[in-house]
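The values are calculated or read from the model by the stated rules, or taken from the named source; none is laboratory data. Note that the coordinates shown come from a computational prediction; the quantities given were computed from them, not determined experimentally. Glycine also receives a Cβ, built like all others from the backbone with ideal geometry; neighbour counts cover every protein chain displayed. The accessibility values were calculated without ligands, DNA or RNA, using every heavy atom of the protein model including side chains. Shrake-Rupley method; radii C 1.70, N 1.55, O 1.52, S 1.80 Å.
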Amino acid sequence: QVQLVESGGGLVQPGGSLRLSCAASGSISSFNRMGWYRQAPGKQRELVGAITYGGSTNYADSVKGRFTISRDNAKNTVFLQMNSLKPEDTAVYYCNGFIDNKILGPREYWGRGTQVTVSS
């Protein structure tokens, strides 16, 4: 079974930084794509950024230049480095993994989320 567990959330002041981690129970190389999503109260869940198996990344316009996705395949962990945080970044952040299995078909996996609060 595949499990994704986020960590690293917390309270930070505007302009500060946090690094979120997403630890997978198995090899992250099994995923075609992994991403970070976030959901603020009263808002829809949105894609923050993603990284493909080949290492290509993309980000929402709202976080470009401030957030960076990276990975450590040996540790089966994906990271989200968040710099220059703003109050509007406050949300629950979720780790997501996508696998397109030729036999089983497409599958998505989600972590339970970690709270990020940006406030003075």
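For the range 96-108, the candidate set comprises residues that are open to solvent by 80 Å² or more (accessible area, probe 1.4 Å) and either of a type outside the set (Val, Ile, Thr) or within 10 Å of the chain's Cα centre (by Cα) (or both); within that set, the residue that is nearest to ARG45 (Cα to Cα) is GLU108. If only residues of the range 42-54 that are assigned to a loop (DSSP other than H, G, I, E, B) and in contact with a strand residue (DSSP E or B) (Cβ under 8 Å, 6 or more places away or on another chain) are counted, the one that is least open to solvent (accessible area, probe 1.4 Å) is ARG45. You will find that of VAL116, VAL63, VAL78, VAL92, the residue that is touching a strand residue (DSSP E or B) at 6+ places or on another chain (Cβ under 7 Å) and not in a strand (DSSP E or B) is VAL63 and no other. Residues in the range 63-95 that are open to solvent by 60 Å² or more (accessible area, probe 1.4 Å) and either free of Cβ contacts under 8 Å to residues at least 60 places away in the same chain or in contact with an Asp or Glu (Cβ under 7 Å, 6 or more places away or on another chain) (or both): LYS64, GLY65, THR68, ARG71, ASN73, ALA74, LYS75, GLU88. Scoring ALA40 on the criteria (1) in contact with a helix residue (DSSP H, G or I) (Cβ under 9 Å, 6 or more places away or on another chain); (2) at pLDDT 95 or above; (3) more than 14 Å from TYR94 (Cβ to Cβ); (4) hydrophobic (A, V, I, L, M, F, W, C) leaves a single failure, condition (3).
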